[in-house]
Amino acid sequence: LPPDTTHEGFLEYIRGLPINDTPEIFGLHDNANITFAQNETFALLNGLLTMQPRTGSGSGQSREEVVAEVANGILERVRDPMDMNEIMKKYPVRYEESMNTVLIQEVIRYNRLLAVLKRTLRDLLKALKGLVVMSAELEKMFNSLYNNSVPDLWAGKAYPSLKPLASWVTDLVTRLEFIQKWIDGGIPTVFWISGFFFPQAFLTGTLQNFARREIISIDTIAFGFSVVDTPAEEISSKPEHGCYIHGLFLEGARWDFDARRLTESRPKELYTDMPVMLLKPEANRTPPTTGIYECPVYKTLQRAGTLSTTGHSTNYVVAVEVPSNEPQFHWIKRGVALLCALNF
């Protein structure tokens, strides 16, 4: 405004300002408005779900019939726990191959979840028939299944996830198929990092393999990162050192395949697939200071977790270096991060 603007002029200017601040003011992309609107909508719908009546009149299915159908459907889709003895015979603990230990630890964690899932579903079906008492825990589980949300009984034994029940079950089945394919066909050429219960152990195992092969201290090793143009299904051989990973989603930006660097998101495109990445261990590595964005990797969209007893976060996985011609703070303001799983 010019210096000689009157009081009325200032008021008129203020009245002309938008009621809601645009994302650009905070350094965010226009897509941030879509994410905000979605979060508000989901919160409203979740509130409506919790307030819906417990009983209904009509000719449709009763709550008990709906839940019984859902429970039976999950029991049919989800496999039984895996045979630990057979897996340990096929993949014994070996000093020169840490991936065997990683696989066994993953199977133990998934088996623990599968055991709880199968047991509680069978108990719930018995309770619906009146064969056992409907405990408070089973009642909470009943309500969760009806509302298409993951029961607390399962979430306490599972990996972090924000997915609704139907998507969560589909994701679990896909994860178990990834583990079974590893068991049947040997160590994968490209690892689906989103399929790990505890991906930090997998990354440590990769560093351990390199340290033991080169006979150097693991404390002096760090990952170097490069983006691979070849699709995961077309990669037929493992790298000499390190590992290929895929299955990550990029939020707040997208990968430019022509320029081979991060670039701005397209309008209304909230998440994009990140190409295959090569994680290559290097001894006494000096990280670059320019030309990259140190992009954090999280398990879920929540981007928040707690420190577990192992010293690792329950959500944060690692930071990867992604090529960029913009300074770090540009992508930090955009809230750019890589995610192992989305909330749908």
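Along the principal axes of its C-alpha atoms, what lengths does the range 208-266 span, in descending order and rounded to whole Å?
Sorted largest first, the three principal extents are 46, 27, 19 Å.
Out of residues 5 or more away from Ile292 or on other chains, whose amide H comes under 5 Å of its own, with H placed 1.01 Å from N in the peptide plane?
Ser324
Which ³J(HN,Hα) values, rounded to whole Hz and listed in residue order, are derived for the range 223-239 from phi using the Karplus coefficients 6.51, -1.76 and 1.60 in 6.51 cos²θ - 1.76 cosθ + 1.60 with θ = phi - 60°, glycine and proline given as x?
7, x, 10, 8, 8, 9, 6, 6, x, 4, 6, 9, 7, 10, 9, 6, x
Assign unit charges at the C-beta atoms only (+1 for Lys and Arg, -1 for Asp and Glu), then state the dipole size of the chain relative to its Cα centre in Debye, rounded to the nearest 20.
Values: 34 positive and 40 negative charges, 273 e Å.
Charge dipole of the chain: 1320 debye, to the nearest 20.
Could you sort out which of Lys181/Lys280; Lys163/Lys268; Lys163/Lys333; Lys126/Lys181 sit more than 32 Å apart by Cα distance in this structure?
In this structure, Lys126/Lys181 exceed 32 Å between Cα atoms.
Counting other C-beta atoms within 10 Å, and keeping those with at most 12, which DSSP coil GluC sites (Glu not before Pro) do you find in the range 240-306? Let's see the in-between values first.
On the way: sites: Glu240, Glu251, Glu264, Glu269, Glu282, Glu294; in loops: Glu240, Glu264, Glu269.
The qualifying sites are Glu240, Glu269.
Straight-line reach from Lys118: which aspartates and glutamates fall under 14 Å, measuring Cα to Cα and dropping same-chain residues less than 8 apart?
Once the sequence-local aspartates and glutamates are set aside, what remains near Lys118 is Glu76, Asp80.
At 1.4 Å probe radius, can you tell me the per residue accessible area of the chain in Å²? Working shown, then result.
On the way: 19290 Å² over 344 residues.
Normalised by residue count, the accessible surface of the chain is 56 Å².
What does the charge dipole of the range 185-344 about its Cα centre add up to, to the nearest 20 debye, if the Cβ of each Lys and Arg holds +1 and the Cβ of each Asp and Glu holds -1?
Numbers: 14 positive and 16 negative charges, 70 e Å.
Here the size comes out at about 340 debye.
Please sort by residue number the chymotrypsin sites (Phe, Trp or Tyr not before Pro) in the range 31-134 whose DSSP state is loop and whose Cβ has at most 12 other Cβ atoms within 10 Å. Each step should come with its number before you reach the end.
Details: sites: Phe36, Phe42, Tyr95, Tyr110; in loops: Tyr95.
Those satisfying the criteria are Tyr95.
The range 234-319: which trypsin sites (Lys or Arg not before Pro) are DSSP loop and have at most 14 other beta-carbon atoms within 10 angstrom? Can you show the working numbers first?
Values: sites: Arg254, Arg260, Arg261, Lys268, Arg285, Lys299, Arg303; in loops: Arg260, Lys268, Arg285, Lys299, Arg303.
Sites meeting the loop and neighbour criteria: Arg260, Lys268, Arg285, Arg303.
In whole percent, and with a 1.4 Å probe on the protein chains, what portion of the accessible area of the chain is carbon and sulfur?
Numbers: 10440 of 19290 Å².
The computed percentage sits at 54.
Determine the shape class of the range 1-136: with a ≥ b ≥ c the square roots of the Cα gyration tensor eigenvalues, call it rounded for a/c under 1.5, and otherwise prolate if a/b is greater than b/c, oblate otherwise.
Numbers: a/c = 5.43, a/b = 1.67, b/c = 3.25.
Oblate is the answer for the range 1-136, as a/c is 1.5 or above yet b/c matches or exceeds a/b.
Report the charge-dipole magnitude of the range 263-344 in Debye, nearest 20, computed about the Cα centre from +1 at each Lys and Arg Cβ and -1 at each Asp and Glu Cβ.
Working: 8 positive and 7 negative charges, 38 e Å.
So the dipole magnitude of the range 263-344 works out to roughly 180 debye.
With the dipole of the range 242-342 worked out from charges on the C-beta (+1 for Lys and Arg, -1 for Asp and Glu) around the Cα centre, which of Cys295, Ala259, Tyr316 lies farthest toward the positive end?
In the range 242-342, that residue is Tyr316.
Tell me which label goes with the value of Rg and Dmax of the Cα atoms in Å computed from the coordinates here: (i) 18.6, 52; (ii) 24.6, 86; (iii) 19.2, 58.
Entry (ii).
Of Phe26, Phe202, Gly73, which is farthest along the charge dipole of the chain in the positive direction, counting Lys and Arg as +1 and Asp and Glu as -1 at C-beta?
Selected residue: Gly73.
The values are calculated or read from the model by the stated rules, or taken from the named source; none is laboratory data. The structure displayed is predicted, hence computed values, not measured ones. Neighbour counts run over all protein chains shown; Cβ positions are idealised from the backbone, glycine included. Side chains are part of the model used for accessible areas, which takes the heavy atoms of the whole protein and leaves out ligands, DNA and RNA. Shrake-Rupley method; radii C 1.70, N 1.55, O 1.52, S 1.80 Å.
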